[in-house]
(Lines give C-alpha, C1' and ligand atoms only; values in the text may rest on other atoms or scores of the structure.)
Protein backbone atom coordinates (compact mmCIF):
# COMPACT_ATOMS: atom_id res chain seq x y z
CA UNK A 1 0.00 0.00 0.00
CA UNK A 2 1.32 3.39 -1.03
CA UNK A 3 0.28 6.68 0.52
CA UNK A 4 0.53 10.02 -1.29
CA UNK A 5 0.66 12.97 1.09
CA UNK A 6 0.25 16.61 0.12
CA UNK A 7 -0.12 19.88 1.98
CA UNK A 8 -2.52 22.19 0.13
CA UNK A 9 -2.32 24.83 2.87
CA UNK A 10 -0.49 25.41 6.13
CA UNK A 11 -3.08 23.84 8.41
CA UNK A 12 -4.19 20.97 6.17
CA UNK A 13 -2.96 17.65 4.82
CA UNK A 14 -4.37 15.39 2.14
CA UNK A 15 -3.51 11.72 2.42
CA UNK A 16 -4.34 9.41 -0.46
CA UNK A 17 -4.08 5.66 0.21
CA UNK A 18 -3.47 3.70 -3.00
CA UNK A 19 -4.65 0.10 -2.80
CA UNK A 20 -6.20 -1.84 0.07
CA UNK A 21 -6.68 -0.13 3.42
CA UNK A 22 -6.60 -3.22 5.61
CA UNK A 23 -4.84 -4.50 8.73
CA UNK A 24 -1.46 -4.27 7.01
CA UNK A 25 -1.90 -0.64 5.91
CA UNK A 26 -4.00 0.74 8.78
CA UNK A 27 -1.04 1.38 11.16
CA UNK A 28 0.74 3.48 8.55
CA UNK A 29 -2.35 5.61 7.95
CA UNK A 30 -2.63 6.23 11.69
CA UNK A 31 1.05 7.25 11.78
CA UNK A 32 0.67 9.61 8.83
CA UNK A 33 -2.33 11.34 10.39
CA UNK A 34 -0.56 11.64 13.74
CA UNK A 35 2.53 13.10 12.06
CA UNK A 36 0.47 15.63 10.12
CA UNK A 37 -1.58 16.72 13.13
CA UNK A 38 0.91 16.59 15.99
CA UNK A 39 4.27 17.16 14.33
CA UNK A 40 3.26 19.49 11.50
CA UNK A 41 0.23 21.23 13.10
CA UNK A 42 -1.96 20.26 10.14
CA UNK A 43 -5.16 19.48 12.02
CA UNK A 44 -7.45 19.55 8.98
CA UNK A 45 -6.93 16.20 7.34
CA UNK A 46 -8.60 14.91 4.20
CA UNK A 47 -8.34 11.25 3.30
CA UNK A 48 -8.75 10.99 -0.47
CA UNK A 49 -10.20 7.51 -1.03
CA UNK A 50 -10.39 7.65 -4.83
CA UNK A 51 -7.61 5.08 -5.11
CA UNK A 52 -8.68 2.86 -2.19
CA UNK A 53 -9.90 -0.35 -3.81
CA UNK A 54 -10.84 -2.04 -0.57
CA UNK A 55 -11.35 -1.17 3.08
CA UNK A 56 -11.94 -3.54 5.98
CA UNK A 57 -12.75 -3.05 9.66
CA UNK A 58 -9.08 -2.31 10.43
CA UNK A 59 -8.98 0.38 7.77
CA UNK A 60 -12.20 1.83 9.09
CA UNK A 61 -10.71 1.82 12.58
CA UNK A 62 -7.70 3.77 11.35
CA UNK A 63 -10.00 6.45 9.88
CA UNK A 64 -11.78 6.72 13.24
CA UNK A 65 -8.47 6.88 15.06
CA UNK A 66 -7.31 9.66 12.77
CA UNK A 67 -10.59 11.50 13.26
CA UNK A 68 -10.07 11.47 17.01
CA UNK A 69 -6.48 12.70 16.74
CA UNK A 70 -7.53 15.55 14.44
CA UNK A 71 -10.51 16.58 16.59
CA UNK A 72 -8.42 16.51 19.77
CA UNK A 73 -6.17 19.05 18.08
CA UNK A 74 -9.10 21.30 17.22
CA UNK A 75 -9.35 20.14 13.65
CA UNK A 76 -11.19 17.42 11.77
CA UNK A 77 -10.70 14.47 9.46
CA UNK A 78 -12.89 14.16 6.39
CA UNK A 79 -13.08 11.60 3.64
CA UNK A 80 -13.45 12.36 -0.04
CA UNK A 81 -14.16 10.43 -3.25
CA UNK A 82 -14.89 7.04 -1.69
CA UNK A 83 -15.00 4.13 -4.10
CA UNK A 84 -18.10 1.95 -4.30
CA UNK A 85 -16.65 -0.70 -1.98
CA UNK A 86 -15.69 1.90 0.63
CA UNK A 87 -19.17 3.47 0.48
CA UNK A 88 -20.69 0.03 0.90
CA UNK A 89 -18.65 -0.63 4.05
CA UNK A 90 -19.61 2.77 5.48
CA UNK A 91 -23.29 2.02 4.82
CA UNK A 92 -23.02 -1.50 6.27
CA UNK A 93 -21.51 -0.16 9.51
CA UNK A 94 -23.73 2.96 9.83
CA UNK A 95 -20.66 5.17 9.63
CA UNK A 96 -21.86 7.61 6.96
CA UNK A 97 -22.91 10.20 9.52
CA UNK A 98 -19.61 10.21 11.31
CA UNK A 99 -17.51 9.88 8.14
CA UNK A 100 -19.61 11.88 5.71
CA UNK A 101 -18.11 11.50 2.24
CA UNK A 102 -17.29 14.62 0.22
CA UNK A 103 -17.42 14.52 -3.58
CA UNK A 104 -14.07 16.16 -4.06
CA UNK A 105 -10.96 16.86 -2.01
CA UNK A 106 -11.61 20.58 -2.51
CA UNK A 107 -15.09 20.28 -1.01
CA UNK A 108 -13.63 18.41 1.96
CA UNK A 109 -11.01 21.10 2.51
CA UNK A 110 -13.42 24.01 2.42
CA UNK B 1 -20.84 -24.79 -9.13
CA UNK B 2 -17.50 -23.00 -9.41
CA UNK B 3 -14.83 -23.55 -6.78
CA UNK B 4 -11.47 -22.06 -5.89
CA UNK B 5 -9.20 -23.04 -3.03
CA UNK B 6 -6.08 -21.80 -1.31
CA UNK B 7 -3.74 -23.49 1.12
CA UNK B 8 -1.35 -21.04 2.75
CA UNK B 9 0.61 -20.04 5.81
CA UNK B 10 -1.28 -17.71 8.06
CA UNK B 11 0.50 -14.38 7.91
CA UNK B 12 -0.44 -10.88 6.74
CA UNK B 13 0.83 -11.69 3.23
CA UNK B 14 -1.84 -14.33 2.79
CA UNK B 15 -4.52 -11.63 2.72
CA UNK B 16 -3.34 -10.59 -0.75
CA UNK B 17 -3.57 -14.22 -1.82
CA UNK B 18 -7.18 -14.32 -0.61
CA UNK B 19 -7.99 -11.19 -2.64
CA UNK B 20 -6.41 -12.74 -5.73
CA UNK B 21 -8.33 -15.97 -5.20
CA UNK B 22 -11.59 -14.03 -5.06
CA UNK B 23 -10.69 -12.01 -8.18
CA UNK B 24 -10.02 -15.26 -9.98
CA UNK B 25 -13.39 -16.61 -8.85
CA UNK B 26 -15.26 -13.52 -10.11
CA UNK B 27 -13.43 -13.75 -13.44
CA UNK B 28 -15.17 -17.07 -14.03
CA UNK B 29 -18.53 -16.19 -12.46
CA UNK B 30 -19.37 -12.95 -14.20
CA UNK B 31 -23.08 -13.23 -13.38
CA UNK B 32 -22.62 -12.62 -9.65
CA UNK B 33 -24.17 -9.25 -8.73
CA UNK B 34 -21.78 -6.47 -7.74
CA UNK B 35 -23.35 -6.03 -4.30
CA UNK B 36 -22.91 -9.77 -3.63
CA UNK B 37 -19.27 -9.60 -4.73
CA UNK B 38 -18.48 -6.67 -2.48
CA UNK B 39 -20.25 -8.01 0.60
CA UNK B 40 -18.97 -11.56 0.21
CA UNK B 41 -15.40 -10.36 -0.33
CA UNK B 42 -15.64 -8.11 2.73
CA UNK B 43 -16.91 -10.99 4.85
CA UNK B 44 -14.23 -13.40 3.63
CA UNK B 45 -11.45 -10.88 4.23
CA UNK B 46 -12.75 -10.04 7.72
CA UNK B 47 -12.54 -13.71 8.71
CA UNK B 48 -9.16 -14.08 7.03
CA UNK B 49 -7.92 -11.01 8.89
CA UNK B 50 -9.35 -12.39 12.13
CA UNK B 51 -7.45 -15.65 11.62
CA UNK B 52 -4.21 -13.78 10.89
CA UNK B 53 -4.60 -11.46 13.85
CA UNK B 54 -5.40 -14.13 16.43
CA UNK B 55 -3.11 -16.90 15.23
CA UNK B 56 -0.06 -16.06 17.29
CA UNK B 57 2.18 -19.05 17.69
CA UNK B 58 5.74 -20.33 17.83
CA UNK B 59 4.95 -22.75 15.06
CA UNK B 60 3.72 -22.23 11.52
CA UNK B 61 -0.05 -22.07 11.20
CA UNK B 62 -1.69 -23.22 8.02
CA UNK B 63 -5.09 -22.34 6.62
CA UNK B 64 -7.20 -23.85 3.90
CA UNK B 65 -9.84 -21.70 2.22
CA UNK B 66 -12.48 -23.01 -0.17
CA UNK B 67 -14.75 -20.62 -2.05
CA UNK B 68 -17.79 -21.87 -3.94
CA UNK B 69 -20.27 -20.10 -6.19
CA UNK B 70 -23.60 -21.88 -6.49
CA UNK B 71 -26.60 -20.75 -8.51
CA UNK B 72 -28.25 -19.23 -5.46
CA UNK B 73 -25.48 -18.67 -2.93
CA UNK B 74 -21.84 -17.94 -2.25
CA UNK B 75 -19.93 -20.01 0.27
CA UNK B 76 -16.58 -19.86 2.03
CA UNK B 77 -15.02 -22.42 4.35
CA UNK B 78 -11.85 -21.72 6.34
CA UNK B 79 -9.94 -24.42 8.22
CA UNK B 80 -6.84 -23.40 10.19
CA UNK B 81 -4.44 -25.23 12.48
CA UNK B 82 -4.21 -22.57 15.22
CA UNK B 83 -5.20 -23.07 18.84
CA UNK B 84 -8.97 -23.02 19.46
CA UNK B 85 -10.40 -19.59 18.77
CA UNK B 86 -12.34 -17.81 21.47
CA UNK B 87 -15.42 -16.75 19.56
CA UNK B 88 -18.81 -15.40 20.64
CA UNK B 89 -20.71 -14.88 17.42
CA UNK B 90 -24.04 -14.36 19.17
CA UNK B 91 -22.95 -11.21 20.92
CA UNK B 92 -20.86 -9.73 18.09
CA UNK B 93 -22.43 -6.36 17.36
CA UNK B 94 -21.34 -3.03 15.92
CA UNK B 95 -19.61 -1.01 18.63
CA UNK B 96 -19.92 2.71 19.35
CA UNK B 97 -19.33 4.88 16.26
CA UNK B 98 -16.03 6.18 17.61
CA UNK B 99 -14.67 2.74 18.46
CA UNK B 100 -11.47 1.93 16.61
CA UNK B 101 -11.77 -1.83 17.01
CA UNK B 102 -14.36 -4.54 17.36
CA UNK B 103 -16.33 -4.22 14.11
CA UNK B 104 -15.02 -7.19 12.16
CA UNK B 105 -17.34 -10.01 13.24
CA UNK B 106 -20.37 -7.72 13.33
CA UNK B 107 -19.59 -6.58 9.78
CA UNK B 108 -19.27 -10.17 8.68
CA UNK B 109 -22.62 -11.10 10.20
CA UNK B 110 -24.26 -8.19 8.38
CA UNK B 111 -22.72 -9.14 5.05
CA UNK B 112 -23.70 -12.83 5.00
CA UNK B 113 -26.74 -14.93 5.86
CA UNK B 114 -24.93 -17.63 7.75
CA UNK B 115 -21.74 -17.51 9.78
CA UNK B 116 -20.51 -20.26 12.03
CA UNK B 117 -17.41 -21.28 13.92
CA UNK B 118 -16.64 -24.74 15.21
CA UNK B 119 -13.64 -26.62 16.46
CA UNK B 120 -13.46 -29.81 14.39
CA UNK B 121 -10.75 -32.13 15.63
CA UNK B 122 -7.57 -30.09 15.59
CA UNK B 123 -8.91 -27.43 13.24
CA UNK B 124 -10.77 -24.15 13.61
CA UNK B 125 -13.52 -24.09 10.99
CA UNK B 126 -15.35 -21.00 9.84
CA UNK B 127 -18.26 -21.25 7.41
CA UNK B 128 -19.89 -18.30 5.64
CA UNK B 129 -22.79 -18.30 3.23
CA UNK B 130 -24.51 -15.46 1.39
CA UNK B 131 -27.68 -15.87 -0.64
CA UNK B 132 -27.22 -14.27 -4.03
CA UNK B 133 -29.37 -11.30 -4.96
CA UNK B 134 -28.60 -11.88 -8.60
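The values are calculated or read from the model by the stated rules, or taken from the named source; none is laboratory data. Just so you know, these numbers come straight off a predicted model, no measurement behind them. When we count neighbours, we look across all protein chains shown, and the Cβ atoms used for this are built from the backbone with ideal geometry, even at glycine.
Determine whether residue B:52 is within 11 Å of another protein chain (Cβ to nearest Cβ) and over 18 Å from residue B:9 (Cβ atoms). Outline the logic, then answer.
Working: within 11 Å of another protein chain (Cβ to nearest Cβ): yes; over 18 Å from residue B:9 (Cβ atoms): no.
Against the criterion (within 11 Å of another protein chain (Cβ to nearest Cβ) and over 18 Å from residue B:9 (Cβ atoms)), residue B:52 does not qualify.
Has the range B:71-82 got at least one residue that is touching a residue at least 40 places away in the same chain (Cβ under 8 Å), in contact with a strand residue (DSSP E or B) (Cβ under 7 Å, 6 or more places away or on another chain), farther than 21 Å from residue B:14 by Cα and in a loop (DSSP other than H, G, I, E, B)? Yes, the range B:71-82 contains a residue that is touching a residue at least 40 places away in the same chain (Cβ under 8 Å), in contact with a strand residue (DSSP E or B) (Cβ under 7 Å, 6 or more places away or on another chain), farther than 21 Å from residue B:14 by Cα and in a loop (DSSP other than H, G, I, E, B).
So which strands (runs of 3 or more DSSP E) stay within the range A:10-110 end to end and still have 1 or more residues that are in contact (Cβ under 8 Å) with a residue 24 or more places away in the chain and closer than 25 Å to residue B:54 by Cβ? Reasoning before the result, please.
Details: elements: A:12-21, A:44-48, A:52-55, A:76-80.
Qualifying strands (runs of 3 or more DSSP E): A:12-21, A:52-55.
Got at least one residue in the range A:69-84 being out of contact with any helix residue (DSSP H, G or I) (no Cβ under 8 Å at 6 or more places or on another chain), modelled with pLDDT of 95 or more and within 20 Å of residue B:45 (Cβ to Cβ)? Among the residues of the range A:69-84, at least one is out of contact with any helix residue (DSSP H, G or I) (no Cβ under 8 Å at 6 or more places or on another chain), modelled with pLDDT of 95 or more and within 20 Å of residue B:45 (Cβ to Cβ), which makes the answer yes.
I need the full set of residues from the range B:20-34 which are touching a helix residue (DSSP H, G or I) at 6+ places or on another chain (Cβ under 7 Å) and either within 14 Å of another protein chain (Cβ to nearest Cβ) or not in a loop (DSSP other than H, G, I, E, B) (or both), in order please. Listed by number, the residues that qualify are B:22, B:26. Do we have any residue at all in the range A:7-14 that's closer than 27 Å to residue B:37 by Cβ and in contact with a strand residue (DSSP E or B) (Cβ under 9 Å, 6 or more places away or on another chain)? No, the range A:7-14 has no match at all.
Checked against (1) in contact with a strand residue (DSSP E or B) (Cβ under 9 Å, 6 or more places away or on another chain); (2) within 14 Å of chain A (Cβ to nearest Cβ); (3) in a loop (DSSP other than H, G, I, E, B), residue B:98 meets all criteria but (1).
Just to be sure before I move on: is residue B:37 over 11 Å from the mean Cα position of the chain (by Cα), within 14 Å of chain A (Cβ to nearest Cβ) and modelled with pLDDT of 95 or more in the structure I sent? Give the derivation first.
Values: over 11 Å from the mean Cα position of the chain (by Cα): yes; within 14 Å of chain A (Cβ to nearest Cβ): yes; modelled with pLDDT of 95 or more: yes.
It is true that residue B:37 is over 11 Å from the mean Cα position of the chain (by Cα), within 14 Å of chain A (Cβ to nearest Cβ) and modelled with pLDDT of 95 or more.
Only one residue in B:100, B:60, B:83 is in contact with a helix residue (DSSP H, G or I) (Cβ under 6 Å, 6 or more places away or on another chain) and either more than 22 Å from residue B:31 (Cβ to Cβ) or at pLDDT below 95 (or both). Which one? Write out each step before concluding.
Numbers: B:60 fails: in contact with a helix residue (DSSP H, G or I) (Cβ under 6 Å, 6 or more places away or on another chain); B:83 fails: in contact with a helix residue (DSSP H, G or I) (Cβ under 6 Å, 6 or more places away or on another chain).
Only one candidate qualifies: B:100.
It is to be established whether one or more residues within the range B:59-82 are within 14 Å of another protein chain (Cβ to nearest Cβ) and within 22 Å of residue A:86 (Cα to Cα).
The first filter runs over the range B:59-82 and keeps only residues within 14 Å of another protein chain (Cβ to nearest Cβ), leaving none.
No, the range B:59-82 contains no residue that is within 14 Å of another protein chain (Cβ to nearest Cβ) and within 22 Å of residue A:86 (Cα to Cα).
All of A:97, A:38, A:20 fail the test of being over 10 Å from the mean Cα position of the chain (by Cα) and modelled with pLDDT under 95, apart from A:97.
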